[in-house]
Amino acid sequence: MSGIVIVGAGQAGFQAAASLREAGAHAPITIVGEEPGLPYQRPPLSKAYLAGKSDAEALSLRPASYLAEHRITLRAGTRAAGIDRAARRLHLGAGGSLPYDHLVLATGARNKALPVPGAALDGVRQLRGLADADRLKADLAAAGRVAVVGAGFIGLEFAAVAAARGLAVTVVEATARPMARAVSREMGAFFRAAHEALGVRFAFEAGVEAIEGTGGQGTGGQETESRVTGLRLVGGETLPVDLVLVGIGVRPNQELAEEAGLAVSDGIRVDAFLATDDPAISAIGDCARFPSPFAQGLSPDGSTRIESVQNAIDQGRSLAARLTGRAAAYAAVPWFWSDQGRHKLQMAGLTAPDDASVVRGSGEAFSVFRFRNGALSGVESVNRAADHMIARRLLAAGTHLTPDQAADPGFDLKALAM
Ligand code: FAD
């Protein structure tokens, strides 16, 4: 028996291995992971870990003893370089190959680079892995003026940590509001004000033309030794900075699948059971594009790709269930959280920017109920954990809720969700 080989020792890959063992799978399980060390969780990298409130050990998903006890072989620091589908072998970057009965692609995503001159200057950073977070922690200790490019979740979490350290932070964003693709105008406005109260400055509808550094700025990006000194915006203004965090989104790591002839389009294409068009290969987590009942009306074919811990965990579990004989279409309610300063944002469902909004609650604790074609599509809650839990139940059950009911503070949402 060749067993199950998992590419990617992240949240999804680790969960698939752990759930396979919990479900009683006996086959050998090998996880091939490019990063060094044990599988770890990424969310604290832009929150508690970056702020120095937790250490690297606390990031690990499980200790090494767990892997040994559950007969999960981890090949850390090993890159998977190619798939021979006919021979069912995974080729490793360092040489050699592993046979598989089933191959799981859990390769995650990588950050998009900012396509401007100067993007390779020292002090222009990204945040995806532990090594990035460690470098940023050192940078924050030495920096005075920081620019964040992109007002998405990671950029804003980073901005909040930097501002709390007393640094001067400017967030440069191409659209007109924070988290524009992900949250309502109401929620965006709340978080804009919350960040401004921390001292964060925003430049909206602003583009970056170039990043300037010591020693002059050429066009070839070759002066990697020199350090960032400024962020030049379209229109001419230059922000003097010592540190730039680029947070403009990610690309799925789909090349292994693509080169092996599997279908990809902004993600590795899988069916409702998370299988690719090769029945011996599945894909889960940030790298997978799958059909979702919650994505109807959001994309032409009702497929989506989700970057969240919930999705990585639930897809790992769902795949393990299928591989141990309990196949069910993946239909978990998407949910997500983001901690920015002292505020916790929680989201359930999948929304489009023009979904209708109904606000429940006020001040620093409220929820925005979103509706698409008259049906509840998602709920964004700030400092209202109970609403979030109710929203997950309503969405899971497909319970009908009207905008008037959502807006009525006297309406018993909890009873409806029971
Ligand atoms: P990953 O965790 O990225 O793991 C993929 C792994 O595959 C990586 O280790 C990569 O090195 C490896 N790999 C890729 N290609 C190869 C190859 N060819 N060979 C070997 N290994 C390979 N989500 C939330 O829900 N809430 C949050 O608050 C939140 N905060 C976040 C903060 C940060 C800073 C980041 C980066 C992400 C955050 N996320 C959050 C998103 C969440 O962490 C991801 O959705 C989740 O980690 C996805 O899991 P994954 O296993 O699909 O991918």
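Each reported figure results from applying straightforward, stated rules to the coordinates on display, with no laboratory input. These figures come from a predicted structure and were not determined experimentally. Quick reminder, even Gly has a Cβ in these numbers, built from the backbone with ideal geometry, and neighbours come from all protein chains shown.
Summary table below
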read-out: Rg/Rh ratio calculated on Cα atoms of the range 303-360 (Kirkwood radius); value: 1.08
read-out: Nearest-0.05 FRET efficiency for Ala86 and Leu198, computed from C-beta distance (R0 51 Å); value: 0.35
read-out: Per residue, the convex hull volume that the Cα atoms of the chain enclose (Å³); value: 152
read-out: Rg over Rh [alpha-carbon atoms, Kirkwood Rh] for the range 258-309; value: 0.96
read-out: Simple label model, 7 Å out from Cα along Cβ direction - Ser362 to Glu205, nm; value: 3.1
read-out: Dimensions in Å of the range 273-418 - Rg and Dmax from alpha carbons; value: 16.4, 53
read-out: Antiparallel content of DSSP bridges confined to the chain, in %, to 5; value: 60
read-out: Sorted largest first, extent of the range 317-402 alpha carbons per principal axis (Å); value: 49, 33, 22
read-out: Kirkwood-based shape ratio for the range 68-226, expressed as Rg/Rh from alpha carbons; value: 1.09
read-out: Residues Lys137, Lys47, sorted so that the one with the fewest Cβ neighbours within 10 Å comes first; value: Lys137, Lys47
read-out: Inter-label distance, nm, simple model (7 Å from Cα along the C-beta direction), Ala141/Asp122; value: 1.6
read-out: Per-residue Cβ neighbour rank within 10 angstrom, fewest leading, Leu38, Leu395; value: Leu38, Leu395
read-out: Inverse of mean 1/r across different Cα pairs in the range 17-132, Kirkwood, Å; value: 16.8
